[in-house]
Every structure is written in C-alpha cells, then in structure tokens.
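The values are calculated or read from the model by the stated rules, or taken from the named source; none is laboratory data. A quick note: this is a predicted structure, and the numbers were derived from the prediction, not measured. Here the Cβ positions follow ideal geometry from the backbone for every residue, glycine too, while neighbour counts run over all protein chains shown. When the accessible area is computed, the model is the full protein with side chains, heavy atoms only, and any ligands, DNA or RNA have been set aside. Shrake-Rupley method; radii C 1.70, N 1.55, O 1.52, S 1.80 Å.
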Amino acid sequence: MKLGEKWNRNKIFWLAAAVLLVLAPVILMCLRSLQIGMNCFKLHPVWSDEMVYWRETYNFIHTGIKGGYTGANDLAPRLANFGTHSFMNTLVYAAFAMLFGWHDNSIMIYNLLFLILCLLVFVWWLKPEKTKLIWLTASMICYLPLYYYLPTSMTEVLNYGGILLYTAALLRYYQKHEEKWFLAAFLATVFLCFYKLPNMVFFIPLVLAVFSGRITKKFCLHTVGCIVSAVVIYVVNSAFTAPYPWFFSEVFEEETVGKMISKVWGRFTENLQNYVSLSYGTGMERMQRYFFLLMLAVLFLAIVWHILRERKQSSLLLAVSYFLMLAASFVLINAFYEVWDWRDYRMMAPVAWSALIMLILRFPVRYVLAPAVAALLMFGYEFVKPNQVFISWERTVPIETPEICEYIEFDENAADGFDNTLALEYVNLEIYCRLAPGIGVQNIFTPEAITRSKYILVEDTEYDFPGYHLEKEGDFGRLYVRD
C-alpha cells in the first residue's frame, strides 16, 4: 500500500471515529428508545425537579426576572427570582429557546444539542487518536448515569458537557502550557460551579496544573485566584438563587461553630455507613457507589506506579489532582448532602466520569480496563434487569390544562414577585407546565411558612392560612388567595 493511500485510509478511519463520538448522544437516545419502547426524543418531564427546571425557563423567556418566585417555603433570593437549583441551566436553555422555541420536550432536546456541541469542541481541541475516540464513545454510551438522564428533562447533561470542555482545555494546558488554555479551563470551571456549587472541586486539578514541584509566584497567584473565584461564585450564586430549607441551610443556622461541626460530622458518618453498605439502596445504586470508590483506587494506584516506576511529572500531577478532586467530592457530598434517591448518580457520578475520560486520554490502557469493565457490567445489568425508576409511560401522555389555571393570573404590574407566585402542596405536572407564564411555584414543606405567596393550593389541610381567604374549591383541591 502506498504511503498516501495509507494516510488517507487512516484519516478516513479517524474521521469516522470522531463522527461516532460526536453522535454518541444520538446513538444513546436511539438505543434507549429501543430498550424501553418509547420515542425518547418526544418525552416530557414527570419528576418534580424536571417540572421546576421546565417552569423556570418557561417563565424566564416570557417575563425575565419580573415573574414569580420558584423555590420552597416562601424563601426567595436577594436578587432576581431563580430557584434553589441554579440559574446557569435556565440561561443555557433560554439561549436555545430564543432560537428554537420552548416545548414540552425542549430541555431534553437542548441537552442533546448542548452535549453534541461540547463534543465537537472537545474533538476539535484535543484531536484524540482513533483508538481513544472509540474508548470515549463507549464511555459516553455505556455510562449508566448519562444513559439514564439524557432521555429526561433533568439538567445533569449540562454537567457532562461542561466537563468535556473543562477536560479538553485542561489537557491542552498540560500540552502547551499556554495561559489561554488555563483561562479556557478556568471559564469551564466557573460554568460548572454556577451550574452546581459542589463542582468547586474542579478547581483542584486547575490549581495543581501550574505546580512545577516548588512554590512559585505563578502557582501562588493561580491558587489565590481560584480561591477568590470560588468565594465570588458562592456569593453570587447565593444572591441569585433561593435558599434551600433543609440540611445545608440548617448547618449555618447553628448557634456555635462546634454545633455546626457536630451536625456535619453526624451527617457524614451516617452517610458513610450507607455508602459502603451492602444492603442500602437498590443494586444499581450500590454498584454506582462502588464504581466511585473503584475510580479512587485506580487513581491511587496510578500515583503509586508513577512515583515508583515511571516518574512522569505531568501524569503524576494529573493522577494526584484527580484523586484529590474525587476525594473532596466524596467528603463534600457525604457531609452536606445525603446518599439516597440516586443522589450519587447526580452529584458524584459526573466527577467519576471526568476522571475516567482523563485516564482514557492520558494514561495507558491498563489504567482504564478495571473501570471500563465495571461500567460495561453495569450497562449489561441494565438490559438484564432494567431499572424501573427511569422508565415511565407517563412521559408519553399529553399534558392537559387543569381547571385551576383560570383562577391564577399573571399580573405584569405586580410590585412584588410573590404577587405572581403559587404555593403548592403537591406536585402536579399539569399545573407546573400549563400555568400562565410568569407564575412562580413554591413547594410547601411547612404550611405555616407560607405567608408571602399570593396563591396557595392544597389538597386538604386543617391549617387556616391567616390573611388568606378560600377562593375556590374543587377536585383540584382548595385555592386560597391573599387578602
């Protein structure tokens, strides 16, 4: 074979592998559609969080920050009207909505487009060899948390897209040591942190990327810059997103630092027992938790191997930084959140996946084999025993407009956002998705906390809601309106 023909053949193979990776999300959606017997491109939200994400964007594209408040127990942010989760996902979806409109399945479709765009940039920046492209494609299609969440209206996919941009920029910095790549990785980290605050752990590899074996001025400046940025992100995020009424807020309400530490330690030890338990949660949940521990073990072995045998500083730094990132994520989630209801799929699984794709790109295949086999086994287990949590035919049922909607009107001249807010005792897809645009929705966890929302909808309660009168009663429940 002539040299030119061989080069052309290799180029064709590489292009085919690159296209396969970029289209991996579409392949995943098609595979999922075949498995569960639904058209995954047309499914609408059904879970409470999905409804909130959908509603927030719907309000934002119609009324901006002048609409009602989304959150819980009548808690509102100091600025704007974003809910408890984030405002970054709302801004991303709103950008797509300005181009393509907003429909019942829009979040899912825009997640797909966002991930494809991030993969395009990822391939453009790194240009991985064709073997690694195949490995990366498998890591996209066979990683169960991504396989589960892509055909939903959850926002988890934004996390994976941001991780792709972060990884590509970070590895380019390791290759070129040019500040523009550090800046790109930094901006990707800012995006990830605004999307979800526990993503602060992604600053760790960023800081260690400029460590040359000794404390230099550059290292100190980058470290201080990242720390200050993390503080600024936290302050801005706290100002623009509504407080959450449960554990995280409760920690800072303790009277003394000692009580704060005691509360966090109690939560951490309880979660740690559940995390390593052989009986807590479903079989699939346990396997995902152990997968995270496996990634920690693989990174630790990579560190030991490079110290004893290879002594490659860049690879050692990557192994150390990602090990610390995973360890920090493990401590943070178990100390401030909880191990239940697929929390480890949402909060920790993307961090483990980021380590996996880094290993694929920068380390010999022996480091990838164990996590790859584990991921494939979990993927195969899904087909043998499908997880029913993520399969719901309700996603295919048309959403009707309930009667209650005609009694809740948006007031564009309202002086306060709570004048356009409904406090809701129960989750109802039709209400979330069919209320007039601009109406915020507050979840009621404690009835006596609801004192600001203009509208209150409950099924049946003995609480009187002082300052409110019963406006309407029917099959939908009891609607109270502020006097």
Task: Single residue of the range 78-101 satisfying the filter (open to solvent by 10 Å² or more (accessible area, probe 1.4 Å) and assigned to a loop (DSSP other than H, G, I, E, B)) that is farthest from F465 (Cα to Cα) - done: G101
Task: Some residue of the range 187-203 being of a type in the set (F, W, Y), surrounded by 13 or more Cβ atoms within 10 Å (Cβ to Cβ) and not in a helix (DSSP H, G or I) - done: no
Open item on the list: Restricting to the range 44-57, name every residue that is surrounded by fewer than 23 Cβ atoms within 10 Å (Cβ to Cβ), more than 29 Å from L187 (Cβ to Cβ) and not β-branched (V, I, T).
Closed with: W47, S48, M51
Task: Of all residues in the range 438-483 being surrounded by fewer than 15 Cβ atoms within 10 Å (Cβ to Cβ) and under 26 Å from D104 (Cα atoms), the one that is modelled with the highest pLDDT - done: E459
Task: Single condition I204 does not satisfy, out of (1) within 20 Å of the chain's Cα centre (by Cα); (2) touching a residue at least 60 places away in the same chain (Cβ under 8 Å); (3) more than 16 Å from A355 (Cα to Cα) - done: (3)
Open item on the list: It is to be established whether one or more residues within the range 8-24 are under 24 Å from the mean Cα position of the chain (by Cα), assigned to a helix (DSSP H, G or I) and among the charged types (D, E, K, R).
Closed with: no
TODO: State all residues of the range 340-351 that are touching a residue at least 24 places away in the same chain (Cβ under 8 Å) and surrounded by fewer than 19 Cβ atoms within 10 Å (Cβ to Cβ); if no residue qualifies, say none.
DONE: W340
TODO: Just give me the residues in the range 269-313 being open to solvent by less than 30 Å² (accessible area, probe 1.4 Å), over 21 Å from the mean Cα position of the chain (by Cα) and not polar (S, T, N, Q), in sequence order.
DONE: G283, V298, L299, A302, I303, H306
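Determine which member of the set E430, E473, E409, E448 is in a loop (DSSP other than H, G, I, E, B) and without any contact (Cβ under 8 Å) to a residue 40 or more places away in the chain. Walk me through it before giving the result.
Numbers: E430 fails: in a loop (DSSP other than H, G, I, E, B); E473 fails: in a loop (DSSP other than H, G, I, E, B); E448 fails: in a loop (DSSP other than H, G, I, E, B).
Criteria check complete, one pass: E409.
Could you please find all residues in the range 320-339 being farther than 12 Å from F202 by Cα and in contact (Cβ under 8 Å) with a residue 40 or more places away in the chain? Please lay out each step first, then the result.
In the first step, residues of the range 320-339 are kept if they are farther than 12 Å from F202 by Cα; the result is 320, 330-339.
Passing the criteria: V320, V331, L332, I333, N334, A335, F336, Y337, E338, V339.
Would you mind finding the one in S392, S354 that is in contact (Cβ under 8 Å) with a residue 60 or more places away in the chain and surrounded by fewer than 19 Cβ atoms within 10 Å (Cβ to Cβ)? It would help to see each step written out before you state the result.
Details: S354 fails: surrounded by fewer than 19 Cβ atoms within 10 Å (Cβ to Cβ).
Going through S392, S354 in turn, just one is in contact (Cβ under 8 Å) with a residue 60 or more places away in the chain and surrounded by fewer than 19 Cβ atoms within 10 Å (Cβ to Cβ): S392.
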Task: Test: T137 is touching a residue at least 24 places away in the same chain (Cβ under 8 Å), touching a strand residue (DSSP E or B) at 6+ places or on another chain (Cβ under 8 Å), within 24 Å of A185 (Cα to Cα) and in a helix (DSSP H, G or I) - done: no
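Can you tell me which residue among Y173, Y166, Y110 is surrounded by fewer than 23 Cβ atoms within 10 Å (Cβ to Cβ) and among the hydroxyl-bearing types (S, T, Y)?
Criteria check complete, one pass: Y173.
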TODO: Please name all residue pairs, on different chains or six or more residues apart, with Cβ atoms under 7 Å, provided the first residue is in the range 268-288 and is within 17 Å of A328 (Cα to Cα) and the second residue is modelled with pLDDT under 85 and assigned to a loop (DSSP other than H, G, I, E, B).
DONE: N271/E338; N271/V339; Y275/V339
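Of the residues F240, F219, which is at pLDDT below 90 and surrounded by 14 or more Cβ atoms within 10 Å (Cβ to Cβ)?
F219
Kindly indicate the residue of the range 58-77 that is hydrophobic (A, V, I, L, M, F, W, C) and without any contact (Cβ under 8 Å) to a residue 40 or more places away in the chain and also least open to solvent (accessible area, probe 1.4 Å) among those meeting that condition. Let's see the steps before the verdict.
First, pick out the residues of the range 58-77 that are hydrophobic (A, V, I, L, M, F, W, C): 60-61, 65, 72, 75-76.
Keeping just the survivors that are without any contact (Cβ under 8 Å) to a residue 40 or more places away in the chain gives 60, 65.
Details: F60: 57, I65: 99 Å².
By that ranking, first place goes to F60.
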